[in-house]
Amino acid sequence: METSYYLSKVLEELNHSVQYITDADAESLVQAIRSANKVFVAGAGRSGFMGKSFAMRMMHMGIDSYVVGETVTANIAENDLLIIASGSGETKSLVSMAEKAIGYGAKVAVVTINPESTIGKLAGIVVKMPGSPKDQETSEYQTIQPMASLFEQTLLLFFDSLILRYMELEGLTSSSMFSKHANLE
């Protein structure tokens, strides 16, 4: 088959994924971001890459945002928010981060395929995403894509949609955000 065939199927899957995400869950996350002093984002592997792009956009909007594990990441404290991107919700390092964040009095949110996971049970805000775990044999959600690609792609688009909602609520535009864009490139 041609590459364009696969691209059209991926786009169909992404379009279909919207119905699995509730506006109420998304709005809870946007409001938590708006009320947090600092926002931290964590994820492993490709989910982590999607989280990094989200943290970057939050910085462009003037939010004090960090990627957990970077050398310039601040300390987490009360009134802060940790957003974890984890398809399984069981990644041990991310479970540990969630527990630590709660211990410091921070709120925890998770964007996951598995709301009943360990992190899902720890988090105060849970956003359920479509997708299948890396082992698709055990999934009820079918995709033509390998491993957790659908989750990761939906995650990126969901995070960008949260940015648009935040911009709407705060009266921001791309022009107003551009002053925070990197300029040493």
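The values are calculated or read from the model by the stated rules, or taken from the named source; none is laboratory data. Here the structure is a predicted model, which is why all the values come from computation and not from measurement. Cβ placement follows ideal geometry from the backbone for every residue including glycine, while neighbour counts extend to all protein chains displayed.
Evaluated against (1) in contact with a helix residue (DSSP H, G or I) (Cβ under 6 Å, 6 or more places away or on another chain); (2) of a type outside the set (Gly, Ala, Ser); (3) modelled with pLDDT under 95, MET147 falls short on exactly one condition, (1).
Condition check ((1) out of contact with any Leu (no Cβ under 8 Å at 6 or more places or on another chain); (2) under 14 Å from MET59 (Cα atoms); (3) outside any loop (DSSP other than H, G, I, E, B)) across all residues:
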position	(1), (2), (3)
MET147	yes, no, no
LEU155	yes, no, yes
ILE163	yes, yes, yes
TYR166	no, yes, yes
LEU169	yes, no, yes
LEU172	yes, yes, no
SER176	yes, yes, yes
LEU184	yes, no, no
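Residue-level check: of (1) in a loop (DSSP other than H, G, I, E, B); (2) polar (S, T, N, Q); (3) in contact (Cβ under 8 Å) with a residue 12 or more places away in the chain; (4) out of contact with any Gly (no Cβ under 8 Å at 6 or more places or on another chain), THR71 misses just (3). Quick one: ARG34 ticks every box in (1) within 21 Å of LYS180 (Cα to Cα); (2) over 17 Å from the mean Cα position of the chain (by Cα); (3) part of a helix (DSSP H, G or I) except a single one, so which number is it? Here ARG34 meets the rest and fails (2).
In the set (1) under 23 Å from ALA106 (Cα atoms); (2) at pLDDT below 95; (3) of a type in the set (D, E, K, R), LYS121 fails one condition alone, (2). On inspection, GLU12 fails the criterion of being more than 21 Å from GLY105 (Cα to Cα), at pLDDT 95 or above and of a type outside the set (S, T, N, Q). Kindly check whether there is at least one residue in the stretch 96-103 that is under 29 Å from THR143 (Cβ atoms), out of contact with any Phe, Trp or Tyr (no Cβ under 9 Å at 6 or more places or on another chain) and of a type outside the set (D, E, K, R). For the stretch 96-103, residues under 29 Å from THR143 (Cβ atoms), out of contact with any Phe, Trp or Tyr (no Cβ under 9 Å at 6 or more places or on another chain) and of a type outside the set (D, E, K, R): present. Each residue in the stretch 65-98 was checked for being of a type in the set (Gly, Ala, Ser), surrounded by fewer than 18 Cβ atoms within 10 Å (Cβ to Cβ) and within 27 Å of SER149 (Cβ to Cβ), and 3 pass.
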